[in-house]
Each structure stands twice: as C-alpha cells, then as structure tokens.
C-alpha cells in the first residue's frame, strides 16, 4: 500500500506516538496470576487504568460497548473458546468495535503461530516466558506500529466511526479507497455492504458481498453479513444457510453462534435458533450466551425439560439472575416437579420479597398443589403491592370462589 500514508494524511487521522495514560490497557488471559503480575507491573510504571478479563468474549464486549476507551490490548493467543487471533479478527470486522494496538502473548511459538498472528494484523508478539523488561518495549512498539500513518487500520477505524455516527457517505468513500488500495481484500466490500444495508439498499449490499466473496471466499464475515441481510429481508432459509457456512468455517468460535442466535431471536425464529445452537452443542462448546439463548428458546417453545437443563447452566454463570430463576420455577412446575419449583420461588422471594412474578407464580403453584388458602394469602399481598396487576386480581377472585363453593 504505497499510497496509504498519503491517504491517511488526507483524512487527517491523528497518529499519537505515546500511550495515553488516560486510556485503558485491557489484559485478556485465563491465567489470573499472569493478569495480576502484569497489572501490578504496569501500575508501577504509571498506568492506572488497567482492566483485566479472563476470556476473549468479555474483552470483545468491553471493546464493542466502548464504555471505556481501550488504548492497548494484551491478549493470550490460546484460550478456551476464543483465542487472541479470533479476538483481533472480530474487533477488526465488527463496525461497533473500536480498534486498538494489539499485543499477542504466545506460548511455544512456531512458524505457523507467528504467520497466523502476523496475517491477522497483530502489532507485536510477546513470547512466554517473558520478563517485564521485555514487555514494556513490546507495548511501545505495538502502539507505534498501530498508529503508524502507513497502517490501513487507521482508515478502517475512521470508516467504522463514521458508520456508527450514520455518516454513511463519508464511510463509503473511505471503504472505496481501501478497496482500491488492497485489490485482493474482501474486508472493504463487506464494509460497503454494511453501509448499504443500513441505508436500506439490500440489492446493493448483496452485490458488494459478491465482490467480497470473489476476492476472498474464506473471509467469514462475508457470509455473516449476507445472513444478516437475508434475515432483514425475512428470507430465513437463505439467512440460516449463510450462518451455517460461517459456522462451518469457524465451528469453535462462539461469536458465530451468538450473533446468529441474537438476530434470529429478534425475528422470533426460536426453533431456527435452537437448530443452529445445537451445532455448538455437538462441537462440545459451552459458553454463557449459548445456554442463555437455548434456555430462552426452549422456554418459549414449551420444551420445559430441555429449558431446565440450559437455565441451570445459565445460572452457573449468573447465579443471581432472578429472571432465570423465575423461568426455572415455571419450567419445574410445567414438568410436574412441584417441590423443586417451590424451592426456586422461595429463593427468589428471599432475594426480592416484592418480586411480583415470583409471588404470582408461587400462588399458582400452591393452588395446583392444593394449598388454596396459602395461595390466596400471597395473592392478597400481591394485589396490595401491585394494585394494577390484573392477572393477580383475577386469580384471587377465582381462588376465593373455589373456597366459597366448597363451603
């Protein structure tokens, strides 16, 4: 890219030379000891804003949300579920993600690992075991490499920022120029397709994706974007076909499953979500979003036994999630596991004595178990707490009538 420097200068993109201490350094590693040691050493050097997470999914959420400005990422290459290379590729491809200098920590490096890291755009590689004296220069080199005016990522970051601000014409001009400068890259045309989709021109977006696929048929985000477009057009068979291609290309990447499930859920396609997510189960994957979507889908589909299994798994990750607990209580009730259901509702009410859903569901359960008087007591309390709760008033009237009939 001989004219990249000139292009970035024309765009007036700032290229700082020193890490801004006001920006966060994000550490990503399943090894707590390593996170603590690096964090401590960085703190001694004056870096006060350090965020540590144990996996790439958490890191991706932080970068995507943009709540904190991440100035640099240090990530293990090999981690459960999603490794460092997958993480940088997702950050680069996702228009909602803010780009950052990226240092990859590699254990037992070989030619294949180094090539994979380099091709993915990693700015520096830190080989284990390393000393703190090794690390600081690597971070500085990564920062300067990322903010080099010849680095096309600077232009991609600006295009994504303009996209987020809905300045689509300006984003389009940058993606077009990037496409001219890298004539074998699919990525600029996926960017153009994302812009066209936001502008409501599905035909144009699909045409851009055809160009992207011609340039590089292995670029997974071409198929992800095409699936999203077909879903927006309500052509769900074609959407699922594209999502499956993306999953087949990256079967162990949880982002592929989560993104597809989220979109299908928004369209009310619960069984289709289940079908895709079960591919993850067959691949022996387990991650919070997987069990969240499966639990919710099975719940909506009234397959309560399967919902129970996945709600339990979801609760292992979020034990205080009262929505999950309420749903588990309902599933137990529908599965005729009344005592288990009652324990769940009691646990919710202990945490939140005024939880309307738990109080209502417990009253219904008690009535089903033959404890009409206790059910009426709970409903009487509930209608006092929530006078507008029409279903509770209706049940209270119904249960009182059954007592009158018996007397």
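The values are calculated or read from the model by the stated rules, or taken from the named source; none is laboratory data. Fair warning: this is a prediction, and the values are worked out from it, not measured in the lab. Using ideal geometry, Cβ is built from the backbone for each residue, glycine included, and neighbour counts are taken over all protein chains shown.
Numbers for the structure displayed
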quantity: Enumeration of residues in segment 352-394 that are surrounded by 19 or more Cβ atoms within 10 Å (Cβ to Cβ) and over 40 Å from the mean Cα position of the chain (by Cα); calculated: 367, 375, 376
quantity: Residue satisfying condition, being touching a residue at least 12 places away in the same chain (Cβ under 8 Å) and surrounded by fewer than 21 Cβ atoms within 10 Å (Cβ to Cβ), within set 302, 282, 343, 336; calculated: 302
quantity: Count - residues of segment 45-66 that are within 15 Å of the chain's Cα centre (by Cα), more than 16 Å from residue 259 (Cα to Cα) and exposed (fewer than 15 other Cβ atoms within 10 Å of the Cβ); calculated: 1
quantity: Flag for residue 359 being assigned by TED's automatic domain parsing to the domain that holds residue 328, farther than 17 Å from residue 330 by Cα and in a helix (DSSP H, G or I); calculated: no
quantity: Single unsatisfied condition, residue 336 versus (1) part of a helix (DSSP H, G or I); (2) more than 30 Å from residue 253 (Cα to Cα); calculated: (1)
quantity: Residue check for residue 320: loosely packed, with under 13 Cβ neighbours inside 10 Å and within 19 Å of residue 295 (Cβ to Cβ); calculated: yes
quantity: Residue in segment 130-146 that is closer than 18 Å to residue 160 by Cα, surrounded by 15 or more Cβ atoms within 10 Å (Cβ to Cβ) and in contact (Cβ under 8 Å) with a residue 12 or more places away in the chain present; calculated: yes
quantity: Every residue from segment 99-118 that is surrounded by fewer than 20 Cβ atoms within 10 Å (Cβ to Cβ) and under 24 Å from the mean Cα position of the chain (by Cα); calculated: 116
quantity: Residue 211 buried (at least 22 other Cβ atoms within 10 Å of the Cβ), under 30 Å from residue 179 (Cα atoms) and out of contact with any strand residue (DSSP E or B) (no Cβ under 8 Å at 6 or more places or on another chain); calculated: no
quantity: Meets criteria (in contact with a helix residue (DSSP H, G or I) (Cβ under 8 Å, 6 or more places away or on another chain) and under 25 Å from residue 301 (Cβ atoms)) for residue 366; calculated: no
quantity: Test: residue in segment 308-319 that is part of a helix (DSSP H, G or I) and closer than 30 Å to residue 398 by Cβ; calculated: yes
quantity: Qualifying residue in segment 285-298 (condition: exposed (fewer than 14 other Cβ atoms within 10 Å of the Cβ) and at pLDDT below 95); calculated: no
quantity: All helices (runs of 4 or more DSSP H) inside segment 157-267 with 1 or more residues being under 22 Å from the mean Cα position of the chain (by Cα); calculated: 187-198, 220-232, 236-249, 254-266
quantity: Residue check, residue 286 outside the structural domain of residue 82 (by TED's automatic domain parsing), out of contact with any strand residue (DSSP E or B) (no Cβ under 7 Å at 6 or more places or on another chain), part of a helix (DSSP H, G or I) and over 28 Å from residue 217 (Cβ atoms); calculated: no
quantity: In segment 29-44, residue surrounded by the most Cβ atoms within 10 Å (Cβ to Cβ) [restricted to those that are in contact with a helix residue (DSSP H, G or I) (Cβ under 8 Å, 6 or more places away or on another chain) and at pLDDT below 90]; calculated: 38
quantity: Helices (runs of 4 or more DSSP H) lying entirely in segment 3-102 (those with 1 or more residues that are closer than 30 Å to residue 209 by Cα and out of contact with any strand residue (DSSP E or B) (no Cβ under 9 Å at 6 or more places or on another chain)); calculated: 4-11, 56-65, 84-93
